[in-house]
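Below is one structure, written out as structure tokens, with a few remarks after it.
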Amino acid sequence: MTEHEHYEAVVVGAGPGGAAAAATLARYGIETLVLERGVEAGSKNVSGGIIYGEQSAPVTIDDLFPEFREEAVERPVTRYYLHNVAGDKVETMDLTDLHEHDTEWADAVLRRKMDSWLEDRVHEMARETGGGLLTGVHVNGLLRDGHGEIIGVTTDELEPLEADVIIAADGVNSVLARDAGLMDWDEPEEWFQGVKAVVDLPPETVNDRFALEEDEGAAHLFSGDLFSDVRGGGFLYTNRDSLSVGTVFHLDSLVAEQAEPHELLDALLTHPLLAQWLDDDYHEREYAAKLVPDSKKVALRKPYAERLLLVGDAAGQMQAQGPIIKGMNHAVTAGALAAEAFAQAKGRNKPDQAGKLYAQKLREEGVMSKLRPRGYDLVRTLGERDDVTNVVDSVLTSRLGRLGIRALSGGLERLYGSPRLAAIVPDTRTPYVTLPTVIAEELGTHVAETNHVEPPSLEERIGELTYDTDVGNPHIVLRDDSYEASGAAVTACPVSAEDFGGGCYRDEFIRTNGEQEHVVSLDTQPCVECGTCAIVADTDWTHPRGGKGVAFEDG
């Protein structure tokens, strides 16, 4: 048998989940090698985003890295609002109590800054146990022995590596999760797609326009008819010297409505409500996109296979339930628990029991009950049927329903602020479009401001991103270029559009032997590696080689 370099633990991905796993392994004195595909940790990562320190969590990131909140974050989020929108009418709800439920602290972050800060600490901690952290290394699969058992990982850049445990924190597009048969890309309704613009705004202007002190920050969510019938909403988070403004939608809804992600983002940016916060000389620092798992449907109850343990998005651990949006904190908890499980199993001389012990810890620490609330499964069975949705929407939009909304006006904020109700919100147009629209129509006030923002074109947004093109090594291959099989990618891809000649996916009419064929053409160069097309098109999709492709400066 071929001899391979061996480590006690290999951690794939240096985001918050991988960093938490590596730091915990180091505390147990376990030799750990961390592999990160970006040129720097965070260069491949995108988040809205807020990282939480939950009171009920067994581990928070500042437990593992005490200086984290002083050095790696943007602003603490101290105010949390939901804006129900109908045309230029808006009804705003203060959901700060919901935001603070089970919350010790919550900070807005930019991933490049946060992850690169974590990278430096993790590298030093791992070196002390005989390992370290390598960037620019793309893990492309699992290494198996002659009996098909998982024994390590393979990469594009290095010889195969063996390990007693592999902790995969390689994100929503985890190659290892799919290689092990634990995750797939078959159902668009199991995923969200988010797009985001980081908008320049000086610190003193952020403070002034949002009525904040230096140690305060705000989060604003948006829902209603602003995005037509696409199920989802918008967000705005204050950073130190910028804003993170974006939209998140159910992927199946994007496809069904043939909605263009960049246009939905522009609808938010140009709404009159945002005129109070955005400059006439609006400047985007960066445009980015990300695929997001819906934990209610895909969070793995058994996130392991033999030596492989999955954490964070790789295991579907992204909690998006109504106005509750939490992911990075669950990745941290899972990474620490996975590492702890291996250390304890190894100490009992039963390292092969690490996965089972990890899943047990997720249950016992209450993580799974947050990610996959039982109440949602009960509501989903009935509440997500089209006939039920149609009836509910008909009632809400009727005269009687509107009278009910007006009668409930004083209690709506309390209902929206209920953690229990937020956890069981059905994934239909009712909570995302119909209800907030009716609330705004019946209770809202007209926004008088005029918004003069002119967002960049899609071509300009792509042109501002940084790429290291991997000539001759395309990471996406179309298996079927017919429009019927892959046409959904033309509109769903965040860097493609029907009337745009650039982007990854374009639809074309080709005449062959006197017959016209509608096909899709592909150019991987402007790809932002969100993975959307892997789900909506007939493609073979993987990450580019280490360090290649897009590199986000903010993320």
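The values are calculated or read from the model by the stated rules, or taken from the named source; none is laboratory data. Bear in mind the structure is a predicted one, so any value in this text is a computation, not a measurement. Virtual Cβ from ideal backbone geometry, glycine too; neighbours counted across all protein chains shown. Heads up: the accessible areas ignore ligands, DNA and RNA and are worked out on the full protein's heavy atoms, side chains in. Shrake-Rupley method; radii C 1.70, N 1.55, O 1.52, S 1.80 Å.
Obtain the nm distance between the two label points defined at Asp97 and Glu384 by a simple spin-label model: each point lies 7 Å from its Cα along the Cα-to-C-beta direction.
Simple spin-label model gives 2.9 nm for this pair.
Which shape class, rounded, prolate or oblate, goes with region 411-473 when its Cα gyration tensor gives a ≥ b ≥ c as root eigenvalues, a/c under 1.5 marks rounded, and past that a/b bigger than b/c marks prolate?
Oblate shape, in that a/c is at least 1.5 and b/c is the bigger or equal ratio.
What ranking of Glu284, Glu3, Glu100 comes out by heavy-atom accessible area, probe 1.4 Å, highest first?
On the way: Glu284 20, Glu3 165, Glu100 95 Å².
Descending accessible area places them as Glu3, Glu100, Glu284.
How would you rank 343-349, 264-270, 128-134, highest first, on the average number of other Cβ atoms within 10 Å across their residues? Could the numbers behind the result be given before it?
Working: 343-349: 14.7, 264-270: 21.1, 128-134: 18.6.
Final packing ranking: 264-270, 128-134, 343-349.
I'd like the accessible area for Phe235: 1.4 Å probe, protein heavy atoms, all chains in place, Å² to the nearest 10.
Spelled out: Phe235, probe radius 1.4 Å, area about 20 Å².
With θ set to phi - 60° and the Karplus curve 6.51 cos²θ - 1.76 cosθ + 1.60, what are the ³J(HN,Hα) couplings of region 518-533 in order, to the nearest whole Hz, using x for Gly and Pro?
Each residue's phi maps through the Karplus curve to give 8, 10, 10, 9, 10, 9, 7, 4, x, 5, 9, 6, 6, x, 3, 5 Hz.
Output the relative contact order of the chain, whole-number percent, from Cα pairs under 8 angstrom with separation of 6+ residues. Intermediate results must be reported in sequence, preceding the final value.
Working: 1305 pairs, mean separation 113.8, N = 555.
Reported relative contact order: 21 percent.
Which percent of the accessible area of region 458-550 is formed by carbon and sulfur heavy atoms (probe 1.4 angstrom)?
On the way: 1740 of 4270 Å².
Roughly 41 percent of what the probe reaches on region 458-550 is carbon or sulfur.
Residues with beta-carbon under 11 Å from that of Ala320, excluding Ala320: net charge, scoring Lys, Arg +1 and Asp, Glu -1? Display every interim value, and only then the final one.
Details: positive: Lys296, Lys297, Lys326; negative: Asp294, Asp427.
Taking every other residue near Ala320 into account, the sum is +1.
For the cross-link pairs Lys326/Lys350; Lys370/Lys548; Lys302/Lys370; Lys89/Lys113; Lys361/Lys548, which exceed 27 Å when the distance is taken from alpha carbon to alpha carbon?
On the way: Lys326/Lys350 33 Å; Lys370/Lys548 36 Å; Lys302/Lys370 15 Å; Lys89/Lys113 37 Å; Lys361/Lys548 36 Å.
From Lys326/Lys350; Lys370/Lys548; Lys302/Lys370; Lys89/Lys113; Lys361/Lys548, over 27 Å: Lys326/Lys350; Lys370/Lys548; Lys89/Lys113; Lys361/Lys548.
Helix-only mean residue ellipticity at 222 nm, the chain, DSSP H runs n ≥ 4 weighted -39,500 (n - 2.57), per residue, nearest 500. What is it?
Theoretical 222 nm ellipticity from helices: -9000 deg cm²/dmol.
Per residue of region 415-430, what does 6.51 cos²θ - 1.76 cosθ + 1.60 with θ = phi - 60° give for ³J(HN,Hα)? Whole Hz please, x for Gly and Pro, Karplus curve as stated.
Values, residue by residue: 5, 5, x, 7, x, 5, 5, 4, 6, 10, 4, x, 8, 10, 6, 4 Hz.
Of Val77, Val392, Ile166, which is farthest along the charge dipole of the chain in the positive direction, counting Lys and Arg as +1 and Asp and Glu as -1 at C-beta?
Result: Val392.
Along the principal axes of its C-alpha atoms, what lengths does the chain span, in descending order and rounded to whole Å?
Reported extents, whole Å, longest axis first: 74, 67, 49.
Binned at 5 Å from 0, what are the whole-percent values of the Cα-Cα distance distribution for region 458-550, short to long?
With a bin width of 5 Å, the distribution comes to 3, 15, 24, 24, 18, 10, 4, 2, 0.
Once you have the Cα-Cα distance between Ala485 and Glu70, take 0.36 nm times their residue separation minus that, and quote the gain in nm to one decimal. Provide the component values of the computation, followed by the final result.
Details: separation 415, 0.36 × 415 = 149.40 nm, distance 4.89 nm.
Computed gain between Ala485 and Glu70 is 144.5 nm.
Let a ≥ b ≥ c be the square roots of the eigenvalues of the Cα gyration tensor of region 371-427; is it rounded (a/c under 1.5), or, if not, prolate (a/b larger than b/c) or oblate? Please report the intermediate quantities before stating the final value.
Working: a/c = 4.18, a/b = 1.25, b/c = 3.34.
Judged from the Cα gyration tensor, region 371-427 comes out oblate (a/c at least 1.5, b/c at or above a/b).
Could you tell me which of rounded, prolate or oblate describes region 310-466, using a ≥ b ≥ c as the square roots of the eigenvalues of the alpha-carbon gyration tensor, with rounded for a/c under 1.5 and, failing that, prolate when a/b is larger than b/c and oblate otherwise?
Values: a/c = 2.92, a/b = 1.62, b/c = 1.80.
Taking the square roots of the gyration eigenvalues as a ≥ b ≥ c, region 310-466 is oblate.
Given the peptides 299-307, 409-417, arrange them by the average over their residues of other C-beta atoms within 10 Å, most packed first. Present the calculation step by step, with values, prior to reporting the outcome.
Details: 299-307: 20.0, 409-417: 14.3.
Listed from highest to lowest mean packing, they are 299-307, 409-417.
So how do 14-23, 459-468, 425-434, 52-61 stack up, highest first, on mean other-Cβ count within 10 Å? Could the numbers behind the result be given before it?
On the way: 14-23: 32.5, 459-468: 15.4, 425-434: 22.1, 52-61: 20.1.
The peptides rank, most packed first, as 14-23, 425-434, 52-61, 459-468.
Among Leu337, Thr491, Pro455, pick out the residue whose Cα is farthest towards the positive end of the charge dipole of the chain, where Lys and Arg carry +1 and Asp and Glu carry -1 on C-beta, about the Cα centre.
Leu337
Can you pull the accessible area of Asp186 for me, 1.4 Å probe, Å² to the nearest 10?
Rounded to the nearest 10, the figure is 100 Å².
If Lys and Arg each add +1 and Asp and Glu each add -1, what is the summed charge of the other residues whose beta carbon sits under 9 Å from the beta carbon of Glu306?
Details: positive: Arg307; negative: Glu149, Asp352.
Here the count lands on -1.
Enumerate the amide H contacts of Asp480 below 5 Å, restricted to partners 5 or more residues apart or on another chain; note that Pro and chain-start residues carry no placed amide H.
Asp538
Would you pull out the residues with amide H under 5 Å of Leu143's amide H, same chain only if 5 or more places away, H placed 1.01 Å from N?
Ile151, Gly152, Val153, Thr154
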